[in-house]
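Below is one structure, written out as structure tokens; the observations come after it.
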Amino acid sequence: MKLVLLPGMDGTGLLFRDVLAHLTSLECEVIPLPHAGPQDIDRLARHVASRLPQSDYVMLAESFSGKIAETLLLRGDPNLKAVIFVASFLSRPGWLLPWLAAALPIKALLALPASSLAIRWFLMGRQASDETIARFRQAVISVPQKVLGQRLGQISGMRFERRRFTLPALYLRPRNDVLVSDVTAQFRASFANLDVVELGGPHFILQARPERCADIIMDAVRAWFPACG
């Protein structure tokens, strides 16, 4: 069973490096988001759809890509067998991300002397290594400012649409997420066969606790598809 990973708002996939190192029992494929052209959810979903496997797969959607995954689910791809949401949201996730949209440019904010402290406090957790912080900077800086602004604008306009899906789903929720409020109820309303796992850690939980997250992901896939074990 292949695991297809959709990255968060940076769209690069660079931040998956550590968790991929622990997903040893799964064939993994990262589909980056485009760094040019329109950034509305429908167009991003079409971009991803054109790159999806032609065989069975599980989709993992991190943060911003949760809405992309929801849009893809509406297409009814028969090869998509289950979906995993990590720190994701199906509507505007509270006040902080829209505030960041108003506080652009993000790249200028990353250049401030206190930015490493802010990244640890709000995003990566206090124990984040200098290497993790540097990788986060690299991922964000590699994305054009206009693209980041468009994606933040998409977040500000997200609305919960109360879709209903029956395929297996997992929602991995960081307990200490200060960017996304508790939207568990929305996922329960949308997915009839949903497992919810809460894990202590920040919004970037895959980066803060990659080994534990990988174990949860692999356990879920084995439970859904025993032949993969």
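The values are calculated or read from the model by the stated rules, or taken from the named source; none is laboratory data. Keep in mind that this is a model prediction, so the values were computed, not measured. A quick note on method: Cβ atoms are made from the backbone with ideal geometry, for glycine too, and the neighbour counts reach across all protein chains shown. These area figures cover heavy atoms from the full protein model, side chains too; ligands, DNA and RNA do not enter into them. Shrake-Rupley method; radii C 1.70, N 1.55, O 1.52, S 1.80 Å.
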Can you name the residue in the range 25-53 that is free of Cβ contacts under 8 Å to residues at least 24 places away in the same chain and open to solvent by 40 Å² or more (accessible area, probe 1.4 Å) and is also nearest to A227 (Cα to Cα) among such residues?
-> R51
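Of all residues being open to solvent by less than 40 Å² (accessible area, probe 1.4 Å) and hydrophobic (A, V, I, L, M, F, W, C) in the range 170-179, which is nearest to M9 (Cα to Cα)? Just the residue, please.
Keep residues of the range 170-179 that are open to solvent by less than 40 Å² (accessible area, probe 1.4 Å), which gives 170-174, 177, 179.
Within this subset, residues satisfying the condition of being hydrophobic (A, V, I, L, M, F, W, C) are 170, 172, 179.
On the way: L170: 20, L172: 17, L179: 13 Å.
Per the criteria, the residue is L179.
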Might you let me know whether the range 49-61 holds any residue that is at pLDDT 95 or above, aliphatic (A, V, I, L, M) and under 21 Å from S181 (Cα atoms)?
-> yes
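Quick check on my filter: what residues within the range 180-225 are among the aliphatic types (A, V, I, L, M), open to solvent by 20 Å² or more (accessible area, probe 1.4 Å) and under 16 Å from the mean Cα position of the chain (by Cα)? It would help to see each step written out before you state the result.
Filtering the range 180-225 down to residues among the aliphatic types (A, V, I, L, M) leaves 180, 183, 185, 189, 192, 194, 196-197, 199, 205-206, 208, 214, 216-218, 220-221, 223.
Those left that are additionally open to solvent by 20 Å² or more (accessible area, probe 1.4 Å): 185, 189, 192, 194, 196-197, 208, 223.
Scanning the range 180-225 gives V196, V197, A208.
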Count - residues of the range 2-24 that are of a type in the set (V, I, T), open to solvent by 10 Å² or more (accessible area, probe 1.4 Å) and under 12 Å from the mean Cα position of the chain (by Cα) = 1
Filter the range 64-98 down to residues that are open to solvent by 30 Å² or more (accessible area, probe 1.4 Å) and basic (K, R) and give me whichever is modelled with the lowest pLDDT.
-> R92
Any residue in the range 129-156 that's touching a residue at least 24 places away in the same chain (Cβ under 8 Å) and over 17 Å from F204 (Cβ atoms): show its pairings with residues that are among the β-branched types (V, I, T) and surrounded by 14 or more Cβ atoms within 10 Å (Cβ to Cβ) at Cβ separation under 6 Å, as long as the two are six or more apart or on different chains.
-> Q154/I41
Of the criteria (1) at pLDDT 85 or above; (2) within 22 Å of R17 (Cα to Cα), which one L194 fails | (2)
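Table: residues versus (1) at pLDDT below 85; (2) touching a strand residue (DSSP E or B) at 6+ places or on another chain (Cβ under 8 Å); (3) closer than 15 Å to S63 by Cβ.
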{"position": "I141", "(1), (2), (3)": "yes, no, no"}
{"position": "K146", "(1), (2), (3)": "no, no, no"}
{"position": "R151", "(1), (2), (3)": "no, no, yes"}
{"position": "D177", "(1), (2), (3)": "no, no, yes"}
Within the range 154-168, how many residues turn out to be at pLDDT below 85 and either part of a helix (DSSP H, G or I) or surrounded by 18 or more Cβ atoms within 10 Å (Cβ to Cβ) (or both)?
-> 1
